[in-house]
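The values are calculated or read from the model by the stated rules, or taken from the named source; none is laboratory data. All of these numbers come straight from a predicted model, not from anything done at the bench. Please note: Cβ atoms are built from the backbone with ideal geometry, for glycine as well, and neighbour counts cover all protein chains shown. Note: accessible area is taken over every heavy atom of the protein model, side chains too, but ligands, DNA and RNA are not part of it. Shrake-Rupley method; radii C 1.70, N 1.55, O 1.52, S 1.80 Å.
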Amino acid sequence: MSKVMSRVMNYYAVLAIYKFEMARMRRTLLQSIVTPVLTTSLYFIVFGAAIGSRIQEVGGVGYGAFIVPGLIMLSLLTNSISNASFGIYFPKFSGTVYEVLSAPVSTLEVVLGYVGAAATKAIILGLIILVTAGFFIELRIAHPIIMLLFIVLTALSFSLFGFILGIWADNFEKLSIVPALIITPLVFLGGSFYSTDMLPPVWQSISLMNPVLYLVSGLRWSFYEISEVNVWVSLVGVSLFLLVCLGVVYAIFRTGYRLRP
Amino acid sequence: MTIIEPEVGSTILSVQQLSKVYAGGFEALKSVNLDIKAGEIIALLGPNGAGKTTLISTICGLVQPSSGRVLVAGHDITTDYRITRSLIGLVPQELTTDSFETVWNTVSFSRGLFGRAPDPAHIERVLRSLSLWDKKDNMLRTLSGGMKRRVLIAKALSHEPRILFLDEPTAGVDVSLRRDMWAIVSDLRANGVTIILTTHYIEEAEEIADRIGVINHGELILVEEKRALMAKLGKKQLELELFEPLEGLPTSLAPFGLELSANGLKLIYTFETTESGENNISSVLEALREAGITFKDLHTSQSSLEEIFVGLVNQPADGSARGATK
């Protein structure tokens, strides 16, 4: 007898995609974990020790501690995007995506599998950075639940964004152009390593147009209760971005854009 | 869980007025109609770009149809995609595999993707039946092309489909492996699996298919039982090698439509055998004897499926092909 699913959620598919994507991380464990630990250590040595020794405090917080939320956000954004975009782009590139497209899976199930795995990896890396930072400075987290909420929401929404990028990209250059040319500059200009109070008034106003500023500010507030913008504005902003990305992904699967001719 | 077990002989796949026009305006499928019965093996033949892969891809959900509908076990592939896709297994034309995965993991992944609970015993059966068991822990990149092809079949069978699409399954496969594949197809059929395959190897269709469909320029120009097709469209010829060359055919032989070779040493008689087995060979031989023409050797031949196929696809695309069952 052949048993097939009725119209219920295909949990097995979600799990299969999720495990498959997580296995990719296990295969590159050294690169996945050692790299962020090394990079974070370097940031602390260069920014925390060398530069930080000349900057006593920012907003009442030691410079080394001040940059921790920014470092976590930098890692979250770049890893979420690169994990998710590569996760869907590579099957497209190699042709193995045929299997997902011909499987009895809904948009939600595909997204849960790919984006869930990408976000999980990004969150793990974010937490590794947090732990690594603990070796260099004394960590203080005023609102751990808000911190986790920020980390999870950011990882999910930017993994969704990466997923969209992976579907849109039709070559490897496009895949790397958004993280390299848009996200990294926005993170560096979004107050990751400085407070916007240090900028001239014009640049302070311009900085407010940078969406990453809201993320960094919100996450920093969860640590030290200091922020450039209201924490709720940050939370609502990232939540809205998540919804917009979900809408775009739904439209992609409905129309078959770049997936089903 | 819904349980669907199509009855052998019932219609398991129904393609109705299916058309596909790609974004660039290319009409890949033109109002294709096709009914396939549970448990049969149908081979789709056609030159490159004829629409074979587009037809399969549309049924499997990889390509969006422009118009028409497809029913699998009575379920629409668009509205009931969960049911229809779980009944279908697809072995694509290209050798697309995840290089860094093991055979076991990739086949298990496929089973989960198609909504089936893990079943190591079934995966083992599939791998053993495809001679992949001793390779189960090998990474896919270490396998030969033929072995990768087997892995793709194993992936397609991992969720126990009732319909298996094989898109040129033996392309680039050596003769012995091709014969193994045919044996696998026979076993699957014995288990009631419906098989739809596209192929360039006419001998493959001739060897394993029950019915033959010919696609050309996006149209299904013919679907016929293999034996009936060969009987209907297959030509038979009698060739006679003469002792002495002829300058021309005697008028007494004109009614038989014989052909004389350029050197005058061979006579060719093309004939059709009726269902009761009647033909004019005796009359031809009698007429030759009366004309005093002697021959040193003779033999008969029947056109192969390949010749029938070439003859069909070379006809003008105006739907005038013989035996079209659209």
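What to note about this one:
- Near pairs, Cβ below 8 angstrom, 6+ apart or cross-chain, from segment A:194-207 (within 21 Å of A:Val68 (Cβ to Cβ)) to any residue that is in a helix (DSSP H, G or I) and open to solvent by 70 Å² or more (accessible area, probe 1.4 Å): A:Thr196/A:Trp203
- Of the candidates B:Ser66, B:Ser19, B:Ser108, B:Ser14, the single residue that is within 27 Å of A:Tyr18 (Cα to Cα) and either at pLDDT 90 or above or surrounded by 23 or more Cβ atoms within 10 Å (Cβ to Cβ) (or both) is B:Ser108.
- For A:Val14, the conditions (1) open to solvent by 20 Å² or more (accessible area, probe 1.4 Å); (2) more than 10 Å from every other protein chain (Cβ to nearest Cβ); (3) more than 30 Å from A:Glu228 (Cα to Cα); (4) under 21 Å from the mean Cα position of the chain (by Cα) all hold with the exception of (2).
- Scanning segment B:115-154 for residues that are touching a strand residue (DSSP E or B) at 6+ places or on another chain (Cβ under 8 Å) and within 20 Å of A:Asn10 (Cα to Cα) turns up B:Gly115, B:Arg116.
- Selection within segment B:77-88 - crowded, with 20+ Cβ neighbours inside 10 Å and within 9 Å of another protein chain (Cβ to nearest Cβ): B:Arg82, B:Ile83, B:Thr84, B:Arg85, B:Ser86, B:Leu87, B:Ile88
- Residue within segment B:136-152 that is at the interface with another protein chain (Cβ under 10 Å from one of its Cβ atoms) and not aliphatic (A, V, I, L, M) present: no
- Hey, A:Leu148 under 15 Å from the mean Cα position of the chain (by Cα), of a type outside the set (Gly, Ala, Ser) and surrounded by fewer than 18 Cβ atoms within 10 Å (Cβ to Cβ) or not: yes
- Of the residues making up segment B:178-192, those that are closer than 17 Å to B:Ala154 by Cβ, under 15 Å from the mean Cα position of the chain (by Cα) and in contact (Cβ under 8 Å) with a residue 40 or more places away in the chain number 1.
- Taken residue by residue, segment B:147-162 has no member that is open to solvent by 20 Å² or more (accessible area, probe 1.4 Å) and of a type in the set (S, T, N, Q).
- Candidates A:Val100, A:Val105: the one that is within 14 Å of chain B (Cβ to nearest Cβ) and surrounded by 24 or more Cβ atoms within 10 Å (Cβ to Cβ) is A:Val105.
Table: residues versus (1) in contact (Cβ under 8 Å) with a residue 12 or more places away in the chain; (2) more than 23 Å from A:Leu215 (Cα to Cα); (3) not in a helix (DSSP H, G or I).
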| residue | (1), (2), (3) |
| --- | --- |
| A:Val14 | yes, yes, no |
| A:Arg24 | yes, yes, no |
| A:Ile33 | yes, yes, no |
| A:Ala50 | no, yes, no |
| A:Ala65 | yes, no, no |
| A:Met73 | yes, no, no |
| A:Asn79 | yes, no, no |
| A:Ser85 | yes, no, no |
| A:Val100 | yes, yes, no |
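- Selection from segment B:250-284 of residues that are surrounded by 16 or more Cβ atoms within 10 Å (Cβ to Cβ) and modelled with pLDDT of 85 or more: B:Leu258, B:Leu260, B:Leu265, B:Lys266, B:Leu267, B:Tyr269, B:Val284
- Selection status of A:Ala142, closer than 16 Å to A:Met73 by Cβ and touching a helix residue (DSSP H, G or I) at 6+ places or on another chain (Cβ under 7 Å): no
- Residue match in segment A:52-62 (condition: open to solvent by 20 Å² or more (accessible area, probe 1.4 Å), of a type in the set (S, T, N, Q), away from chain B (no Cβ under 14 Å) and not in a strand (DSSP E or B)): yes
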